[in-house]
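Below is one structure, written out as structure tokens; comments come after it.
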Amino acid sequence: MGKITTKAVFKEYNQEQIQLLPPSLEELIPANDLVRIVNQVVDSLDLSSIVNQYEGGGASAYHPKMLSKVLLYAYAVKIYTGRKIAKALRQDIHFMWLAAYSRPDFRTINLFRSGILKETIEELFKQLLLFLVDHGYVKVENYFTDGTTVAADSNKYKVVWRKNAIRYKDLAEKELPALLAQIDALNKTEDAQYGDRDLEERGEQPLAKDALSAGIEKLNKVIEKTSNGREKRKAESLKKKVQEQAEKIAKYENQLDLAQERSGYSKTDPSASVMRMKNEELLPAYNVLASSEEQFITAVSVHQNPNDAIGFKEHLEGLTFTPQRIIADSIFGTEENYQLLEAKGIESYLKYPLYHREKGKKFKSEIYRKENFVYHPAADTYECPEKQPLHYTHTSKERQKKTGFPYYTRIYEASDCSLCPVREACTKSNTGNRTLSVNLQLDIYKKIAKEKLDSETGIALRKKRGWEIESCFGDIKHNMKFRRFNLRGLKKVKAEITIISMAHNLRKVHLKRAKQGA
């Protein structure tokens, strides 16, 4: 090849150039880089809870401080799988510097994340929150709370539906009488218990199991005693059918045990429930509840029920600090949740379902709605728009929400609506008077909530809620691209969402410091 001639001047490029001193990674990492924030913050945390998990003995282990830093930084820069983290430790100078050239393989990383860190991550999150409080990033005064669904690490086509398990179990049990009748015929006995009757209703599981066990015992006796080859083959064939039926019933019972009250679950991750996502697609997923202050995540929890209100109690139990106020959307505004905050001494700024609607003209024009009847506490009566009183008649029997929370309703009834000119507009009853079913305690909570929400403080907090917690979810799902869990099982998923929340907080610290430096 001929020599290239050009007037341009290039910097020297020689890959074999020997340097007098090897380069230091310390010099290659900018002073305000995110990796330095992760390093500094983790160095300031008390990791004794993690260190104490190691039993000791055997070969030396990678230091948990190094592994914690690597995992948190990896999540902060959108690297979530063990193999990709291990690759970064070999190729990325930021990871090399953070790990001090240590190179744990993906198995070590996954084992640490799914094992030791899974058991201690809540304590680590608490330590980080203490750091944020001590450095003035949060005051733990106002917690803005909401929920979001995150897809599970599972196959969306491998879902077990509870209603299908019930149906198939019923069908399997309905085939038992015919099999038992064949056994009795083979045994030349009559089954007075079943005859040609069907099995009892679903739920009598011991009966089905006992009948199958007894049938197999009878067949074993026939197989053991009979000398007739034809009868023996018939008994063996029938025994196989009975065993297959027993396996079917056991399979569907196990599915129902796993599903519990859930509508469905994933075969690949049985802890994941089927939930409706933002795009209306039904997928195995988890419901994540989070609280934030100044866009730092101050509490996070994972739930198998898609209803945010149902998981709120468990979320409150996991709070590291008790805030002065909790601000949340209308789905959280239930009697149970109002009562929980009252018991914990936390100011409630939970909206209730009709909070916005009742401010509208249309709602106020619907004068025959229960909410538009006037209550007179002294007389314990309601007054309809036609000025007729509705008197208390009785209290309903105790009923329970899905969470097991008990509630009662008080029934009020008008004396005589027969001559009322607007009776048809007021009540759908053809013969009776207008009645009201009232949860008085909930109405009291709603009245208090409305006063707080409409106050100057309440208006400011409601406006702030719109960009507080939603910004956290937006950063995690959009900026960090974390829309699907990488681990399976409720406990591992809880650990992973805690890691991603800590990574979000570290990114936020980095942004705050960069802004202050600018």
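Tabulated results
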| quantity | calculated |
| --- | --- |
| Considering residues of the stretch 34-57 that are among the acidic types (Asp, Glu) and not in a helix (DSSP H, G or I) only, the residue least open to solvent (accessible area, probe 1.4 Å) | Asp46 |
| Filter result for Glu335 (charged (D, E, K, R), surrounded by 15 or more Cβ atoms within 10 Å (Cβ to Cβ), under 20 Å from Val438 (Cβ atoms) and in contact with a strand residue (DSSP E or B) (Cβ under 8 Å, 6 or more places away or on another chain)) | yes |
| Selection within the stretch 252-282 - open to solvent by 30 Å² or more (accessible area, probe 1.4 Å) and either part of a strand (DSSP E or B) or β-branched (Val, Ile, Thr) (or both) | Thr268, Arg276, Leu282 |
| Evaluation of Ile116 against (1) at pLDDT 95 or above; (2) more than 27 Å from Ser471 (Cα to Cα); (3) touching a Leu at 6+ places or on another chain (Cβ under 9 Å) (one fails), failing number | (1) |
| Close pairs (6 angstrom Cβ cut-off, 6 or more residues apart or separate chains): among the acidic types (Asp, Glu) in the stretch 31-50, assigned to a helix (DSSP H, G or I) anywhere | Asp46/Gln127 |
| Scope the stretch 234-248; condition under 16 Å from Pro177 (Cα atoms) and either in contact with a helix residue (DSSP H, G or I) (Cβ under 9 Å, 6 or more places away or on another chain) or not in a helix (DSSP H, G or I) (or both); matching residues | Leu238, Lys239, Lys241, Val242, Gln243, Gln245, Ala246, Lys248 |
| Segments classed as strands (runs of 3 or more DSSP E), wholly inside the stretch 292-403, with at least 1 members that are in contact with a helix residue (DSSP H, G or I) (Cβ under 8 Å, 6 or more places away or on another chain) | 296-303, 325-328, 347-350, 374-376 |
| Unmet criterion (only one of (1) of a type in the set (A, V, I, L, M); (2) assigned to a helix (DSSP H, G or I); (3) buried (at least 18 other Cβ atoms within 10 Å of the Cβ)) for Leu130 | (3) |
| Qualifying position, being hydrophobic (A, V, I, L, M, F, W, C), within 30 Å of Gln388 (Cβ to Cβ) and open to solvent by 20 Å² or more (accessible area, probe 1.4 Å), among Ala425, Ala414, Ala460 | Ala425 |
| Positions within the stretch 440-451 being within 17 Å of Ile331 (Cα to Cα) and not aliphatic (A, V, I, L, M), in sequence order | Asp443, Tyr445, Lys446, Lys447, Lys450 |
| Tyr445, sole failed condition from (1) crowded, with 20+ Cβ neighbours inside 10 Å; (2) of a type outside the set (A, V, I, L, M, F, W, C); (3) under 16 Å from Ile327 (Cα atoms); (4) touching a strand residue (DSSP E or B) at 6+ places or on another chain (Cβ under 7 Å) | (4) |
| Tally of residues being under 17 Å from Ala74 (Cα atoms), free of Cβ contacts under 8 Å to residues at least 12 places away in the same chain and either assigned to a loop (DSSP other than H, G, I, E, B) or small (Gly, Ala, Ser) (or both) across the stretch 472-496 | 0 |
| Pairs with Cβ under 6 Å, 6+ apart, first in the stretch 236-262 and touching a residue at least 40 places away in the same chain (Cβ under 8 Å), second open to solvent by 30 Å² or more (accessible area, probe 1.4 Å) | Leu238/Gln182; Val242/Ile216; Tyr252/Tyr168; Leu258/Pro270; Ala259/Arg162 |
| Failed item in (1) within 30 Å of Phe332 (Cβ to Cβ); (2) modelled with pLDDT of 90 or more, with Gly404 passing the rest | (2) |
| Of residues in the stretch 342-401 being small (Gly, Ala, Ser) and open to solvent by 70 Å² or more (accessible area, probe 1.4 Å), the one modelled with the highest pLDDT | Ala343 |
| Any hit, the stretch 143-164, residues being surrounded by 15 or more Cβ atoms within 10 Å (Cβ to Cβ) and assigned to a helix (DSSP H, G or I) | yes |
| Scope the stretch 315-332; condition touching a residue at least 24 places away in the same chain (Cβ under 8 Å), open to solvent by 30 Å² or more (accessible area, probe 1.4 Å) and within 30 Å of Leu282 (Cβ to Cβ); matching residues | Gly318, Asp329, Ser330, Ile331 |
| Any hit, the stretch 58-65, residues being out of contact with any strand residue (DSSP E or B) (no Cβ under 9 Å at 6 or more places or on another chain), modelled with pLDDT of 95 or more and open to solvent by 90 Å² or more (accessible area, probe 1.4 Å) | no |
| Check on Ala503, surrounded by fewer than 16 Cβ atoms within 10 Å (Cβ to Cβ) and not acidic (Asp, Glu) | no |
| One residue from Ile499, Ile469 being in contact with a strand residue (DSSP E or B) (Cβ under 9 Å, 6 or more places away or on another chain), in contact (Cβ under 8 Å) with a residue 12 or more places away in the chain, closer than 26 Å to Asp134 by Cα and not small (Gly, Ala, Ser) | Ile469 |
| Identity of the residue in the stretch 75-94, touching a residue at least 60 places away in the same chain (Cβ under 8 Å) and open to solvent by less than 50 Å² (accessible area, probe 1.4 Å), that ends up nearest to Asn39 (Cα to Cα) | His94 |
| Matching residues in the stretch 71-107 - criterion: being closer than 19 Å to Ser24 by Cβ and part of a loop (DSSP other than H, G, I, E, B) | Asp92, Ala100, Tyr101, Ser102, Arg103 |
| Any pair with Cβ under 6 angstrom, 6 or more apart, that starts in the stretch 439-451 at a residue that is part of a helix (DSSP H, G or I) and ends at one that is open to solvent by 50 Å² or more (accessible area, probe 1.4 Å) | Leu440/Arg410 |
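The values are calculated or read from the model by the stated rules, or taken from the named source; none is laboratory data. Since this is a predicted model, take the numbers as computed values, not measurements. When we count neighbours, we look across all protein chains shown, and the Cβ atoms used for this are built from the backbone with ideal geometry, even at glycine. The accessibility values were calculated without ligands, DNA or RNA, using every heavy atom of the protein model including side chains. Shrake-Rupley method; radii C 1.70, N 1.55, O 1.52, S 1.80 Å.
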